[in-house]
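*Asks:* Structure in structure tokens, see below.
We did not get these values from a lab; they are worked out from the coordinates using the rules stated. Just so it is clear, the structure is predicted and the values come from calculations on it, not from any experiment. No Cβ is skipped: glycine too gets one built from the backbone with ideal geometry, and neighbour counts run over all protein chains shown.
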Amino acid sequence: MTDQMYIKTNVTNVPNERGYYGEFGGRFVPETIIPALDELEEAYAEAMADPEFHQELAYLQRTYTGRPTPITHAKRLSEYLGGAQIYLKREDLAHTGAHKINNALGQGLLAKRMGKKRIIAETGAGQHGVGTATAMALLGLDCHVYMGSVDIARQQPNVFRMKLLGANVIPVESGSKTLKDAINEAMRDWVTNVETTFYLLGSALGPHPYPMIVRDFQSVIGTEAREQIQEMTGRLPDVCMACVGGGSNAIGLFHAFRDDEDVELIGIEAGGHGIESGEHASRFSDFDISRPGILHGTRSYVMQNSDGQIMETHSVSAGLDYPSVGPEHAHLRSLERAFYTMATDEEALEAFQKLSKLEGIIPALESSHAVAEVIKRAPKMPKDSVILVNLSGRGDKDLDTVIGILGQ
């Protein structure tokens, strides 16, 4: 893959010119933000047409992020399960330990190109905050990260990393004090300081053009993986799997395979304590409380009560604890091109331990949800079939949480 072809945006024809993925997406924001979104969309289009932008981003991804990240054949896990062969796309080996750095570097270069010196971001599990703080330290930009106080308490290592990297971490005490509320506060900041501030949104959600921009910067995952898996196995995978919170790591993997109809795309949401409990973040598994609505400037599936009030969510993983989902995922589901299921906290914790013990790879709790689905599905598949899993991050950040649940 050459530097000039770092980002391929021609796999699909979505979004349309108004930012819609079918019936999902769009812009639902105050009028004061529209000029900033127009400015961002224009700057992004110019950057995508500029070979020098692609070259600079590709150079940083190669020499700073450590791309391409490898694919690992999880041989012992495959043998243990006795079915499909399991391959892991190792985003946990990217600099900062997760896929978030891909988007942070891309948007950071875009912000610098636009002359913005103040960067704000939101974070749940802390990986987007760390990725943003890292990229801004590299680029010399002022960084402020909003984070719910609940997430701060359970992600202390990442909070310290952000501060060490020079970011100002701003606790959010409103609402459920998690990712949803961090996004609320970041958007309030942006509305107030829209002329001087660049909002570096971390997932494939929000008003257009953010879902498209994040998808494109994360599409390097799928572009690499598509080439790598064919080199390793001689063919495309039967199934691609990834966890889905807002949806950036999943859409980054899915994008390169979307036109390959024989490749099944599976997203795994946070099942929390189970659908019946009501304490989960599974937008596509509980249609009693999840239906199309508007949150954070975009139309997608939203967990809401009968009055349209946003429901509180639960997940053992801070990065999946979000009441909505990126609009392109809602569109893929409506087309039946991608399918979505869920893993409970208990299943994710079991997968966390299983991958650690069998492969020497400690996954993030977010990624463990995808591994949990592999554990369910692989034994039912032929031994010559191939599952490709996006291992979106490593589990260092989650050790305190896991210790607290499982004990010493």
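*Asks:* For the range 104-202, rounded, prolate or oblate, judged on the Cα gyration tensor with a ≥ b ≥ c (square roots of eigenvalues), a/c < 1.5 rounded, else prolate if a/b > b/c?
*Replies:* oblate
*Asks:* With the crude spin-label approximation of a point 7 Å out along Cα→Cβ, what separation in nm comes out for Glu346 versus His273?
*Replies:* About 1.3 nm, to one decimal.
*Asks:* Additional query: Taking a ≥ b ≥ c as the square roots of the eigenvalues of the Cα gyration tensor of the chain, is the shape rounded (a/c under 1.5), prolate (a/b larger than b/c) or oblate?
*Replies:* Because its axes are fairly even, with a/c under 1.5, the chain counts as rounded.
*Asks:* Shifting gears a bit: Once the Cβ-Cβ distance between Lys75 and Asp396 is put in as r, and R0 is 25 Å, what FRET efficiency do you end up with, to the nearest 0.05?
*Replies:* In this case the efficiency is close to 0.60.
*Asks:* Separate question: Would you please name the GluC sites (Glu not before Pro) within the range 20-60 that are DSSP coil residues with at most 13 other C-beta atoms within 10 Å of their C-beta?
*Replies:* Glu23
*Asks:* With a point put 7 Å past each Cα toward its Cβ, work out how far Met48 is from Leu164 in nm, to one decimal.
*Replies:* Computed distance between label sites Met48 and Leu164 equals 3.7 nm.
*Asks:* For the chain, what does -39500 (n - 2.57) per DSSP helix run (n ≥ 4), summed and divided by total residues, give at 222 nm, in deg cm²/dmol to the nearest 500?
*Replies:* About -12000 deg cm²/dmol.
*Asks:* Suppose the chain between Lys117 and Gln55 were pulled fully straight at 0.36 nm per residue; how much longer would it get relative to their current alpha carbon spacing?
*Replies:* Length gained, Lys117 through Gln55: 20.1 nm.
*Asks:* For the range 195-268, which GluC sites (Glu not before Pro) are in a loop by DSSP, counting at most 12 other Cβ atoms within 10 Å?
*Replies:* Glu195, Glu261
*Asks:* Give me Asp262, Asp92, Asp400 ranked fewest to most by other Cβ atoms within 10 Å of their Cβ, as a rough exposure proxy.
*Replies:* Listing Asp262, Asp92, Asp400 from fewest to most nearby Cβ atoms yields Asp262, Asp400, Asp92.
*Asks:* Just for the chain, what percent of DSSP beta bridges are antiparallel, to the closest 5?
*Replies:* 35 percent
*Asks:* Bin width 5 Å, origin at 0, all Cα-Cα pairs of the range 289-408: what percent of pairs per bin?
*Replies:* Per 5 Å bin, starting at zero, the Cα-Cα P(r) for the range 289-408 comes out as 2, 10, 17, 19, 17, 15, 12, 6, 2, 0 percent.
*Asks:* Further question: At 7 Å along Cα-to-Cβ for each site, give me the label-to-label distance between Asp288 and Asp142 in nm.
*Replies:* A separation of 4.9 nm, rounded to one decimal place.
*Asks:* Scan the range 222-308 for chymotrypsin sites (Phe, Trp or Tyr not before Pro) in coil per DSSP, keeping those whose Cβ has at most 15 other Cβ atoms within 10 Å, and list them by number.
*Replies:* Phe287
*Asks:* For the range 152-303, report the convex hull volume of the alpha-carbon atoms normalised per residue, in Å³, without decimals.
*Replies:* Looking at the range 152-303, the number lands at 168 Å³ per residue.
*Asks:* Under a Cβ-only charge scheme (Lys and Arg +1, Asp and Glu -1), can you give me the dipole magnitude of the chain about the Cα centre, in debye to the nearest 20?
*Replies:* Around 800 debye, computed over the chain.
*Asks:* Something else: Using the Karplus equation 6.51 cos²θ - 1.76 cosθ + 1.60 (θ = phi - 60°), what ³J(HN,Hα) coupling, rounded to whole Hz, does each residue of the range 358-373 give in order, writing x for Gly and Pro?
*Replies:* Along the range 358-373, the couplings run 8, 10, x, 10, 8, x, 4, 4, 4, 4, 4, 5, 5, 4, 4, 5 Hz.
*Asks:* Here's another thing I want to ask about it. Given a 10 angstrom Cα cut-off, can you work out which residue in Pro30, Pro68, Pro327 is the most mobile in a GNM of the chain?
*Replies:* Comparing Pro30, Pro68, Pro327 in the GNM, the peak value goes to Pro30.
*Asks:* Choose one answer from Gln309, Gln228, Gln85: the residue with the largest mean-square fluctuation in a GNM of the chain with alpha-carbon springs under 10 Å.
*Replies:* Looking only at Gln309, Gln228, Gln85, the largest GNM fluctuation is found for Gln309.
*Asks:* Run the numbers on the chain and let me know its relative contact order in percent, using alpha-carbon pairs under 8 Å that are six or more apart.
*Replies:* 21 percent
*Asks:* Measure up Lys354/Lys380; Lys180/Lys357; Lys117/Lys163 against 27 Å on the Cα-Cα distance and list the ones that go over.
*Replies:* Flagged as over cut-off: Lys180/Lys357.
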